[in-house]
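A quick write-up on the structure given underneath.
The values are calculated or read from the model by the stated rules, or taken from the named source; none is laboratory data. The structure displayed is predicted, hence computed values, not measured ones. We place every Cβ from the backbone using ideal geometry, glycine too, and count neighbours over all the protein chains shown.
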Amino acid sequence: MTELDIAEVVRRAGVPASTLRYYEEKGLITPVGRRGLRRQYDPAVLQRLALIALARTAGFPLDEIARVFAPDGAIHINRQALLDKAGELDRRITELVVLRDSLRHVAACPAPSHMECPTFRHILAATADVPVRRKRAPGQSWDASIQGSAEEHAP
């Protein structure tokens, strides 16, 4: 297969050209040359971009993703990092399931107002204890207090 023009990579990978240029700056991808002003890529860049997209979806930051790619182009995936990320995802899924169930409970709660629902008050209290936009430390979770309150106050 021949080299791919940047427009073809954009079309096939579904990422904007600005993202490709940013990934180049970060050392994640490298063009093989230029044809006029247009960057040219090896077709293998599509697989690399798919791996980057998968890792980003899993929550890996770009600097960690960059360490996966050796200078010779080989891919070296740290299996322990995958297991650690899977554990983080398990914890996040648990939190989201508890949150979903709590929201459903509050929506169906027979209390005259949401503020009279013990579960809703526990959700608010737990949320107030965790500053917005601050990452919780691994293992720090607010779902236990919500889960306990949901069990106490089933509709």
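Quick notes
- Unique match (being in contact with a helix residue (DSSP H, G or I) (Cβ under 9 Å, 6 or more places away or on another chain), of a type in the set (K, R), surrounded by 13 or more Cβ atoms within 10 Å (Cβ to Cβ) and at pLDDT 95 or above) among R56, R12: R12
- Condition met for V68 (within 25 Å of L4 (Cβ to Cβ), surrounded by 13 or more Cβ atoms within 10 Å (Cβ to Cβ) and free of Cβ contacts under 8 Å to residues at least 40 places away in the same chain): yes
- Pairs are defined by a Cβ separation below 7 Å, a sequence spacing of at least 6 or placement on different chains, a first member in segment 100-128 that is among the small types (G, A, S), and a second member that is surrounded by 19 or more Cβ atoms within 10 Å (Cβ to Cβ); the pairs so defined are S102/T119; S102/I123; S102/I146; S102/A150; A111/C117; A126/W142; A126/I146.
- Some residue of segment 30-45 being within 17 Å of I6 (Cβ to Cβ), part of a helix (DSSP H, G or I), in contact (Cβ under 8 Å) with a residue 24 or more places away in the chain and in the same structural domain as R11 (by TED's automatic domain parsing): yes
- Residue count for segment 111-127, restricted to those that are at pLDDT below 85 and either of a type in the set (K, R) or in contact with a strand residue (DSSP E or B) (Cβ under 8 Å, 6 or more places away or on another chain) (or both): 0.
- Test: A108 is modelled with pLDDT of 90 or more, exposed (fewer than 11 other Cβ atoms within 10 Å of the Cβ), outside the structural domain of V32 (by TED's automatic domain parsing) and among the small types (G, A, S): yes
- Every residue from segment 65-87 that is in a helix (DSSP H, G or I) and more than 14 Å from Y23 (Cβ to Cβ): R79, Q80, A81, L82, L83, D84, K85, A86, G87
- Of everything in segment 128-145 that is modelled with pLDDT under 55 and among the charged types (D, E, K, R), the residue that is nearest to T94 (Cα to Cα) is D143.
- Tally, over segment 49-64, of residues that are of a type in the set (D, E, K, R) and not in a helix (DSSP H, G or I): 0
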